[in-house]
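Working notes, structure below.
The values are calculated or read from the model by the stated rules, or taken from the named source; none is laboratory data. Predicted model, so just to flag it, every value in this text is computed and none were measured. Ideal geometry is used to build each Cβ from the backbone, glycine not excepted, and the neighbour counts take in all protein chains shown.
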Amino acid sequence: MSLTLLLVLALSVVIGLSLGVLGGGGSILTVPILVYVAGFEAKEAIAASLFVVGVTSAVSVISHARGGRVMWRTGLIFGAAGMAGAFVGGLLGGHIPGQILLIAFAVMMVATSVAMLRGRKKKNDGAAEPVKHELPLGRVLLDGVVVGLVTGLVGAGGGFLVVPALALLGGLPMSVAVGTSLVVIAMKSFAGLAGYLTTVQLDWGITLGVTAAAIVGSLIGSKLAGKIPEAALRKSFGWFVLAMGTFVLIQQAPPGLQWPIAAGVAALTAATAATAGICWFFIGSCPLRNRSGRRSSDIPSPA
């Protein structure tokens, strides 16, 4: 077994960890690994990532379901709507230049990471953690079709668009959004793969090896998911997506635009971090402060 293949398999475990812990990020890692380490062409990497992420998500969702972190109605309806969009996206993606697909992939990653880092506005300062509830049918169908189209087109947008849609727009707790997103990702990934396989051939040996390693990582990650604080989970997810998106964007950009793009993303990152810091201190997002400025540990607990 070559060193390159060993490296690909080792990194594939991280793909599974990402899916198990964050409910997404699998395709974010899979596509760059297959393109820059395994030497796949862009379209082949996108198609392979859909298979890897689909199978890994289907396995990982079992542990989340046992932990009560899956909203089945929301997940299945979102996934069914997304499958139609994903299949169309996969058909279209097979006819678009690979560089354009990777640039679109990276731009979406950066935009989504900013949304995750800014977080969801709270309606009142003392609001408790969002309650687990199924989302309205209309919203689920609309979000599912749009996210599915993106997933099928660029081989991404599974977790890092579904999780924000469920957590930021739908108001689900982050841990539940993570578990539910895995149901959606699995369904949409297979639909997108079906679209790509009409024009793309896969190296099934490497693809199956990557899938097996990712499953191992997902089983480990799903055990950790319920033990990580929601705020830390969302922030780590956002920074992770931003870093990977920036890397892919710079790699695919023309030489003369690489430094301007890096500088632009750095400025965006600084602005996002500054905004988050201000909100944390003054608005009460800080877990040790409330609007009155007292530490939460100084506030008597309700009887």
Some residue of region 224-234 being modelled with pLDDT under 80, surrounded by 14 or more Cβ atoms within 10 Å (Cβ to Cβ) and outside any helix (DSSP H, G or I): yes
Output for Cβ contacts, cut-off 6 Å, separation at least six or different chains, first residue closer than 17 Å to residue 70 by Cβ in region 132-147, second outside any helix (DSSP H, G or I) and modelled with pLDDT of 80 or more, reads 134/71
Across region 194-217, which residue is surrounded by the most Cβ atoms within 10 Å (Cβ to Cβ) among those that are of a type in the set (Ser, Thr, Tyr) and not in a helix (DSSP H, G or I)? 199
Being in a helix (DSSP H, G or I) and either in contact with a Pro (Cβ under 6 Å, 6 or more places away or on another chain) or free of Cβ contacts under 8 Å to residues at least 60 places away in the same chain (or both) is true for just one of 100, 28. Which residue is that? 100
Lone qualifier among 12, 18, 2, 27 - being hydroxyl-bearing (Ser, Thr, Tyr), surrounded by 24 or more Cβ atoms within 10 Å (Cβ to Cβ) and either more than 19 Å from residue 164 (Cβ to Cβ) or touching a strand residue (DSSP E or B) at 6+ places or on another chain (Cβ under 6 Å) (or both): 12
Output the residues belonging to region 66-86 that are assigned to a helix (DSSP H, G or I) and surrounded by fewer than 22 Cβ atoms within 10 Å (Cβ to Cβ). 66, 72, 73, 76, 77, 80, 84
What single numbered condition from (1) at pLDDT 80 or above; (2) among the aliphatic types (A, V, I, L, M); (3) farther than 21 Å from residue 77 by Cβ fails to hold for residue 145? (3)
In the set 113, 49, 12, 63, the lone residue that is under 16 Å from residue 190 (Cβ atoms) and in a helix (DSSP H, G or I) is 49
Can you spot a residue in region 201-214 that is at pLDDT 75 or above and touching a Gly at 6+ places or on another chain (Cβ under 6 Å)? yes
Candidates 303, 263, filtered to the one that is modelled with pLDDT under 75 and not hydroxyl-bearing (Ser, Thr, Tyr): 303
With respect to residue 63, determine if the residue is hydroxyl-bearing (Ser, Thr, Tyr) and either crowded, with 24+ Cβ neighbours inside 10 Å or at pLDDT 85 or above (or both). no
Test of understanding: among 169, 161, which residue is surrounded by fewer than 22 Cβ atoms within 10 Å (Cβ to Cβ), over 14 Å from residue 50 (Cα atoms) and modelled with pLDDT under 80? 169
